[in-house]
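Heads up, the thing below is written out as structure tokens.
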Amino acid sequence: MTGEVRAEKTIRTVSRRGRRAAIALVAPAVLIVAGVYAYPAITTVAYSLSDIDLSPRFRIVRFAGLDNFINQLGSERFWEATRITLYFGLMLCLVTVVVSFGIALLLNKTFLGRGLLRVTVLLPWAVPPVASGVLWVQMFHAEFGFLNGLIRAFGGEGGIIWLGGQTIALHSVLIAEVWRWIPFATIFLLAGLQIVPRTVKEAAAIDGAGSWRTLRHVTLPLMLPVVIPVVIFLFVWAMKVFDTIFVLTRGGPSRATTTLNFLVYRQGFEQFDFGSAASTAYLLSALTVLAIAGLGWMLVRARRLAGA
Amino acid sequence: MVATAPGRAVRRVATYVGAVVVLIVMAFPLYGIILTSTQTERDIRSADVAFVPTYITTEHYTRIFSASSGVPVAESMVNSLVVAITTAVVTVAIAVPAAYALNRMRVPGRRLILGGFAAIYVLPTLLFVMPLFITVVQLGLYDTYIGLVLPYVAFTLPFMVWIMGSFVRSIPVAVEEMALIDGAGLPQLIFRIVLPLLRPGIFAGLLLGFVLAWVEFLTPLLFTSNLSMLTVTLGLFRSTMDIEIGQLAAATVMTALPVILITAFFQRNITEVITAGVER
């Protein structure tokens, strides 16, 4: 508390000397961000309302009004991608949070080799997304991949074509992405677990609650305000997944792994239809913002419940 | 429920079994790629996967770094080094003053700036990339270092300002107040007091900027096409390497290695940053 009061004081002390200096210090960052985000974001609005020709050189053919948006909303491909995106996003959140919660509960205990486990759990985070994509391509390889090898080693047939079928390909991409996000979610949830006061758990145990009931009725409700931010982060990332899909499936087989974000890429940089790509990008943004708003509302409610 | 002695023993065993399972599942893919990179192409392509190697060969590593390699891995590493180091230095140089001003001075529109910097990450990167692509082509920056560094810096900057801000806030205000009482002007305050105290933060920021630029894939994919501008991440694709699985695995390990080393070295700090975020 005192720290904040003092910070306020310094802001005042320094600001008397140099409001202009403050602006000068912030200006380069703000200008660059404005140039690379705000200007393109606005330009993309213009794209989304235009017919665009890219060959032989970039040219806005005509103002198209809301045509691009209407076309998207009327196209089966858009809704297919939306369904895939939502399913992928929700599954990524669900699976990652459940698995990470388990690992966090484990890491919250004291046992020999805990430090080693902690470092190992962090490792996938350090693998560049593209490298992780290549690594999973080799894991999933139908003939000599490690997963099928493993299945054969345990006496199975091991002939699964992981990236071949429409349903299985989407879930293979999901496995690769969950693996990549477990480190973040685990560390975040572990930090949350360490905040849940030990005394509360002890009190529950004294009251006769077993470990399952303590988890269900004490730890989980108290963890909700920590779980929801994790879900928000994961969902936003799921909406932006690109590298893994590009490397593993390029959106296929036959669009089965084409999320909205990947659809933007396909429309923009494979079909060079910037008008459609821009409108899809904005529809995806709207979807993301909507989902965050919903989750944020849940967070506020959870905080109130946990506080009460 | 009173835990009986056998119950406790069962629970201990369960903990260790769980730990081993997690350890294997999380490490297995990484182990797999390292293993692949050290086996001969013939063994890699055999359906009998040997999970424990009987030999180790470095031929794939020598091959990808040899002059006759189909993919200029060494050259791509140099490109990525140049671009990543430049990005790190430029980003930190711009982010530190901004972070200081935003946290310790009265900047008009402070909340708007910080809010905008966070909101950017919600939107898909491709949304910004399309006009940038047109601009980069029109300015003749396609296939140049600047054409890569500029977007990298911008993509990293908002996050960097945020991270540097947490380091700025950790400097005791009293130190700055004392300097001001002693009659130091803003330049002295920044160069004599703040920057030396920020040294660990700046170091962390440089590594962060380096890592983010090193792993970037979308920008080089769209903004370069010449093999001489190849970055390490792109090198894993714009190549015929997928014909040689062992070499691809070796190149993947080389791409991941710097990031893994940096992360392993700083895992405690990374955990601290996240933990601090949770507590807030």
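The values are calculated or read from the model by the stated rules, or taken from the named source; none is laboratory data. What you see is a predicted model, and the numbers here were worked out from it, not measured in a lab. Counting neighbours? That spans all protein chains shown, and the Cβs are built from the backbone with ideal geometry, glycine included.
Some values worked out for this structure:
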{"read-out": "Pairs, first free of Cβ contacts under 8 Å to residues at least 60 places away in the same chain in the stretch B:46-60, second exposed (fewer than 14 other Cβ atoms within 10 Å of the Cβ), C-beta under 7 Å, six or more apart", "value": "B:Ala47/A:Glu143; B:Thr57/B:Thr40"}
{"read-out": "Which numbered condition B:Met160 misses (of (1) closer than 27 Å to A:Leu25 by Cβ; (2) in contact (Cβ under 8 Å) with a residue 24 or more places away in the chain; (3) at the interface with chain A (Cβ under 7 Å from one of its Cβ atoms))", "value": "(3)"}
{"read-out": "Complete set of residues in the stretch B:73-119 that are without any contact (Cβ under 8 Å) to a residue 60 or more places away in the chain, buried (at least 20 other Cβ atoms within 10 Å of the Cβ) and under 23 Å from B:Phe217 (Cβ atoms)", "value": "B:Phe117"}
{"read-out": "The one condition in (1) more than 8 Å from every other protein chain (Cβ to nearest Cβ); (2) over 27 Å from A:Val226 (Cα atoms) that A:Ala153 fails to fulfil", "value": "(1)"}
{"read-out": "Complete set of residues in the stretch A:198-257 that are of a type in the set (Gly, Ala, Ser), under 23 Å from the mean Cα position of the chain (by Cα) and part of a helix (DSSP H, G or I)", "value": "A:Ala238"}
{"read-out": "Selected residue [more than 28 Å from B:Gln138 (Cβ to Cβ), away from chain A (no Cβ under 12 Å) and surrounded by fewer than 21 Cβ atoms within 10 Å (Cβ to Cβ)] from B:Ile202, B:Ile171, B:Ile260, B:Ile181", "value": "B:Ile202"}
{"read-out": "Filter result for the condition that a residue is part of a helix (DSSP H, G or I), among the β-branched types (Val, Ile, Thr) and under 30 Å from B:Ile113 (Cα atoms), over B:Val22, B:Val13, B:Val90, B:Val17", "value": "B:Val90"}
{"read-out": "Every residue from the stretch A:104-147 that is at positive phi and either aliphatic (A, V, I, L, M) or buried (at least 17 other Cβ atoms within 10 Å of the Cβ) (or both)", "value": "none"}
{"read-out": "Of all residues in the stretch B:9-22 being crowded, with 16+ Cβ neighbours inside 10 Å and of a type outside the set (Val, Ile, Thr), the one that is farthest from the chain's Cα centre (by Cα)", "value": "B:Gly18"}
{"read-out": "Spans of helices (runs of 4 or more DSSP H) in the stretch A:118-197 with at least 1 residues within 23 Å of the chain's Cα centre (by Cα) and more than 20 Å from B:Ile24 (Cβ to Cβ)", "value": "A:129-140, A:166-195"}
{"read-out": "Criterion violated by A:Ser100 - all others in (1) within 14 Å of chain B (Cβ to nearest Cβ); (2) part of a helix (DSSP H, G or I); (3) in contact with a helix residue (DSSP H, G or I) (Cβ under 7 Å, 6 or more places away or on another chain); (4) surrounded by fewer than 23 Cβ atoms within 10 Å (Cβ to Cβ) satisfied", "value": "(4)"}
{"read-out": "All positions within the stretch B:120-130 that are among the aliphatic types (A, V, I, L, M) and either buried (at least 22 other Cβ atoms within 10 Å of the Cβ) or under 22 Å from B:Thr144 (Cα atoms) (or both)", "value": "B:Leu126, B:Leu127, B:Val129, B:Met130"}
{"read-out": "Qualifying residue in the stretch A:139-162 (condition: in contact (Cβ under 8 Å) with a residue 60 or more places away in the chain and under 27 Å from B:Leu126 (Cβ atoms))", "value": "yes"}
{"read-out": "Flag if B:Val211 is modelled with pLDDT of 85 or more, under 24 Å from B:Val161 (Cβ atoms), within 11 Å of another protein chain (Cβ to nearest Cβ) and crowded, with 22+ Cβ neighbours inside 10 Å", "value": "no"}
{"read-out": "All positions within the stretch B:263-274 that are facing chain A (nearest Cβ under 7 Å) and at pLDDT 75 or above", "value": "B:Thr263, B:Ala264"}
{"read-out": "Candidates B:Leu197, B:Leu234, B:Leu206, B:Leu186 - the one that is touching a helix residue (DSSP H, G or I) at 6+ places or on another chain (Cβ under 9 Å) and modelled with pLDDT under 80", "value": "B:Leu186"}
{"read-out": "Any hit, the stretch B:246-253, residues being touching an Asp or Glu at 6+ places or on another chain (Cβ under 7 Å), within 13 Å of chain A (Cβ to nearest Cβ) and assigned to a loop (DSSP other than H, G, I, E, B)", "value": "no"}
{"read-out": "Any hit, the stretch A:193-204, residues being of a type in the set (Val, Ile, Thr), surrounded by fewer than 21 Cβ atoms within 10 Å (Cβ to Cβ) and away from chain B (no Cβ under 12 Å)", "value": "yes"}
{"read-out": "Verdict on B:Met26 being within 30 Å of B:Leu206 (Cβ to Cβ) and modelled with pLDDT of 90 or more", "value": "yes"}
{"read-out": "Residue count, the stretch B:25-61 (criterion: in contact with a helix residue (DSSP H, G or I) (Cβ under 9 Å, 6 or more places away or on another chain), within 10 Å of chain A (Cβ to nearest Cβ), surrounded by fewer than 17 Cβ atoms within 10 Å (Cβ to Cβ) and outside any helix (DSSP H, G or I))", "value": "5"}
